[in-house]
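In what follows, a single structure is set out as C-alpha cells and then discussed.
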Amino acid sequence: MTSTPALDQRPSSPHTGPARAGRGSNARGSAVGTPLAAALLTLGLVASLGAAVTIGPADLTLGEVVASVLSHLGVGDSPLSAIRDGIVWELRLPRVLTAAVVGAGLAIAGAVMQAVTRNPLADPFLLGLSSGASLGAVAVLVLGVTVLLPAAAFLGALLALIAALVVAGPGASLAPSRTILAGVAVSSLFAALTSLVIFWSATGDSYREILSWLLGSLAGARWPAVAIAAGALLVVGVPLLLGGRLLDAFSFGDTAAAALGVDVSRTRWTMLVGTALLTGGMVAVSGSIGFVGLVLPHAVRLVVGARHRVLLPLSALSGAIFLVWCDTAARTLFDPRELPVGIVTAIIGAPVFVALMTRARRVS
Amino acid sequence: MSVMIHGRGVTVHRGGRDIVDGVDVDIRPGQVTAVLGANGAGKSTLLRVLAGVDAPTSGTVSVEGADWFGRARRSRARIAALVEQDAAAELPLTVLAAVSLGRIPWTSALRGPGTADEALVADALSVAGVTAFAARTLASLSGGERQRVHLARALAQTPRVLLLDEPTNHLDVRAQLTSLALVSRLARDDGLCVVAALHDLNHAMGFADHVIVLHEGRVVASGAPGEVLTPALISAAWGVTATVFEREGRHPVIAFDLPSSAEDTELAADRLSR
C-alpha cells in the first residue's frame, strides 16, 4: 500500500513556523497584525473619546476639552466658563465614557455568549436578560423612584437569568439549546409583564421616559453610571477576557472541550453567569441596546479569526468605539431632539448583520 | 510489552441501561487496538471513558499505573487525546487555529502558547500532512482533509494515548487507508498507544495489532484480529454471514452477506449474550 507523499514525509526538524501556503485569501490564523490591530483600535478609541466630547451644540475645541479634563484631575486651571466646563465634565465626558464602557461590555458579553452556546446568533440578551432588566426599570419608572433604576434593572436581569437557568435545568449539563429556549420563554413572560405594567399604570410623561429606556439610551449617563458600568467591566469583564483559552476549547463542542481538559459544565456556568452579570451592569445604566453584542464580535471575527484570546479584547475595543459614535450620532443628528441610541445601533446593526450573513453563506 | 491502559469492570450506566457493562481491557503502547462492535455496542462510550472525558459509573481504569480519574482533567488531557467522529465548529476557524487548540492542556490563562507550542503545532500539521492547508478555513476542506486536521489537533496535544472514534467515517477508500497507515505508523515508530473504534472489520484485519469486540456493552472476544474475527463470532456479534479469504502474504479479507436464516443468527447472538 502506498500513501500520499505528504503523509510519508516527516521532516527531521520541525518547522519553526507554520507555512503560509496562501491558498484562500483568509490567512487569519496568523498572529501577525494582532498587536498592530490592538494598538490601532486603542488609538482609535482614545481619539473617538476626545472627538466625541467636542461634538455637540456647545462648540468646544479638543484643546479646551483636554484642559478642562486635566483641571478636574488637578492639573492646571480650566480655561472654560463654569457652564461650558460643566458641559464637558458633568455631561459629555461621563456620557461618552459610559458609551465606551457599555459598548465594550456588550461586545465581550456577546462574544462569550456565542462561544459558550456555540450559537453564532447568540447575543448578550439571550437569556431573557434585557426583558428582565426592562421589567425592573419600568416598574421603578412607573412608581416614580427613578433613583433606583440601575439597581432595579440589574435585579430584573438577575431574576430573569435565574428563571431561565431554573427552566433550563435540572442538572449541571445546561445544554445550549435548552438554555436558549428557556431564555426565549422567560423573555416572552417578562416582556408581557412589562407591557402589563406600562398599560396599567403609565401616564403622560413616564411613557416617553419608559420608551427611551426600553430602546436603550445614554441620555441620563452621569458619573455614577460610569462607575457602575466600569465596575462591572473591571470585576466581570476582565476575568472573562482571561477565559479566552477556555472558550477556544469549546470550538468543537463539549466532548472536545472535555478531552482538552476543560471542566465543561463548570466553565459554561461560570461564563454564562459572568456574562449575565456583565450585561446586567451595562443594562442598568443604558437600557437594552441591541446589536452591539451581536454584530461586533462577528465583524471582528471576520478580520482576526475565531481565537478568543485575540477576539475578546479586540471586540471590546471595537464595541467601545462603535457605541461612542452611535451615541454621538444619537444626540446630535436631529438636534435638539435626541434619539435613543438603541435605534441608531439597530439601524446600523441590522444591515451589517445581513451583510455578514450573506458573506458567511458565500464563504461556506 | 507493558500494559498502558488497564480497565477492570468498567460500567457506564445511562438512560436506564448499562451501555458499557463490566468491561475488562488491557491496552498496550506501540500498538493499534481496535474496538469493534455493531452500532450501539458501546464503542464510543468506552472510548470516552478511556479518553478521560466521562467517568465510568463503576469499575476502575488506570493509565500508566495510576488511577485515571484520580488525576486532574488537565493532566488527563496531557496524556490522552480524542478524535471524535464528525466534530464540527460553528464559528469559522482556520486549520492552524484548530490544530493550535491541541495546546490548550499545556497553556494557562496568563501564559499563552509560546514558540515551543508553535513548533509542536507545526510538527503536528506536518505529520498529519495538512501544513499546506494551515491558512485555510476548516469549512473549505474535504472530509478527508478535515479528518487529518482533527488528527493533527490530537497530535498537537503530544499525547501518549490516541483515541480515534471511527476515524475513517466519510472518507474515500484511499483516505481511509492513508489515515489508518498514518496512525499505525505513529504507534509503531513513536510508541503511541492507539485505540480506534472501527466499523470496517477489514480495516481491523489490516491495521490492528489487537482487537476488542463489544456486544451489547460486554467484551465478547479480544486478541489478535486474525484469531478473533472468525465467521462464527462475526455472525454472532453483527448478525451477518462472513467468509474469510486468506491472501498470500497479506492480511485476510472478510466478505459479508445477510444470513439466509434469521434464526441461526439469533441463536448465535443468544449464545454470545450468555
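Brief remarks on what is shown
- Filtered residues of the stretch A:180-202 (kept if free of Cβ contacts under 8 Å to residues at least 24 places away in the same chain and aromatic (Phe, Trp, Tyr)): A:Phe199, A:Trp200
- Within the stretch A:116-130, the set of residues being buried (at least 24 other Cβ atoms within 10 Å of the Cβ) and either of a type in the set (Ser, Thr, Tyr) or closer than 18 Å to A:Ala191 by Cβ (or both) comprises A:Thr117, A:Pro124, A:Phe125, A:Leu126, A:Leu127, A:Gly128, A:Leu129, A:Ser130.
- Only one entry of B:Val161, B:Val121, B:Val149 meets the criterion of being more than 10 Å from chain A (Cβ to nearest Cβ), crowded, with 22+ Cβ neighbours inside 10 Å and closer than 30 Å to A:Leu356 by Cβ, and that entry is B:Val149.
- Single match in B:Leu155, B:Leu214, B:Leu141, B:Leu186 (criterion: surrounded by 24 or more Cβ atoms within 10 Å (Cβ to Cβ) and within 12 Å of chain A (Cβ to nearest Cβ)): B:Leu155
Conditions (1) part of a helix (DSSP H, G or I); (2) within 13 Å of another protein chain (Cβ to nearest Cβ), marked per residue:
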residue	(1), (2)
A:Thr267	yes, yes
A:Ala306	no, yes
A:Leu311	yes, yes
A:Leu317	yes, no
A:Trp325	yes, no
A:Arg331	yes, no
A:Asp335	no, no
A:Val344	yes, no
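- Within the stretch B:229-257, the set of residues being farther than 19 Å from B:Ala208 by Cβ and either surrounded by 15 or more Cβ atoms within 10 Å (Cβ to Cβ) or touching a strand residue (DSSP E or B) at 6+ places or on another chain (Cβ under 7 Å) (or both) comprises B:Ser235, B:Ala236, B:Gly239, B:Val240, B:Thr241, B:Thr243, B:Asp257.
- Top-ranked residue in the stretch A:193-244 [being of a type in the set (D, E, K, R) and loosely packed, with under 13 Cβ neighbours inside 10 Å; ranked as farthest from A:Ile343 (Cα to Cα)]: A:Asp205
- Applying the set (1) closer than 22 Å to B:Thr33 by Cα; (2) of a type in the set (Gly, Ala, Ser); (3) modelled with pLDDT under 70 to B:Ala242 leaves exactly one unmet item: (3).
- Answer residue from the stretch B:85-97, given it is farther than 18 Å from A:Ala115 by Cβ and either modelled with pLDDT of 95 or more or crowded, with 23+ Cβ neighbours inside 10 Å (or both) and is nearest to the other protein chains (Cβ to nearest Cβ) among those: B:Leu96
- Subset of the stretch B:170-202 [in contact with a helix residue (DSSP H, G or I) (Cβ under 8 Å, 6 or more places away or on another chain) and in a loop (DSSP other than H, G, I, E, B)]: B:His170, B:Leu171, B:Asp172, B:Leu192, B:Leu198, B:Asp200
- Among the criteria (1) of a type in the set (Val, Ile, Thr); (2) farther than 30 Å from A:Val300 by Cα; (3) not in a loop (DSSP other than H, G, I, E, B), the one A:Val75 does not fulfil is (3).
- All positions within the stretch A:203-259 that are touching a residue at least 60 places away in the same chain (Cβ under 8 Å), within 24 Å of A:Val142 (Cβ to Cβ) and of a type in the set (Lys, Arg): A:Arg222
- Once the stretch B:103-118 is narrowed to residues that are of a type in the set (Val, Ile, Thr) and facing another protein chain (nearest Cβ under 7 Å), the residue that is nearest to B:Ala152 (Cα to Cα) is B:Ile104.
- Any chance B:Ala128 is surrounded by 23 or more Cβ atoms within 10 Å (Cβ to Cβ), out of contact with any strand residue (DSSP E or B) (no Cβ under 7 Å at 6 or more places or on another chain) and modelled with pLDDT of 95 or more: no
- Single match in A:Leu106, A:Leu80 (criterion: of a type in the set (A, V, I, L, M) and not in a helix (DSSP H, G or I)): A:Leu80
- Of the candidates B:Ser75, B:Ser100, B:Ser126, the single residue that is hydroxyl-bearing (Ser, Thr, Tyr), in contact (Cβ under 8 Å) with a residue 40 or more places away in the chain, at the interface with chain A (Cβ under 8 Å from one of its Cβ atoms) and assigned to a helix (DSSP H, G or I) is B:Ser100.
- Verdict on B:Asp54 being more than 20 Å from the chain's Cα centre (by Cα) and acidic (Asp, Glu): no
- Output for the stretch A:16-66, where each listed residue is modelled with pLDDT under 85 and under 20 Å from B:Gly112 (Cα atoms): A:Thr16, A:Gly17, A:Pro18, A:Arg28, A:Gly29, A:Ser30, A:Ala31, A:Val32, A:Gly33, A:Thr34, A:Pro35
- Some residue of the stretch A:227-244 being more than 14 Å from chain B (Cβ to nearest Cβ) and farther than 22 Å from A:Val292 by Cα: no
- Between A:Ala182, A:Ala202, the distinction of being more than 29 Å from A:Val96 (Cα to Cα), modelled with pLDDT of 85 or more and touching a helix residue (DSSP H, G or I) at 6+ places or on another chain (Cβ under 9 Å) belongs to A:Ala182 only.
The values are calculated or read from the model by the stated rules, or taken from the named source; none is laboratory data. Predicted model, so just to flag it, every value in this text is computed and none were measured. FYI the Cβ positions are ideal-geometry reconstructions off the backbone, even for glycines, and counts take in every protein chain you see.
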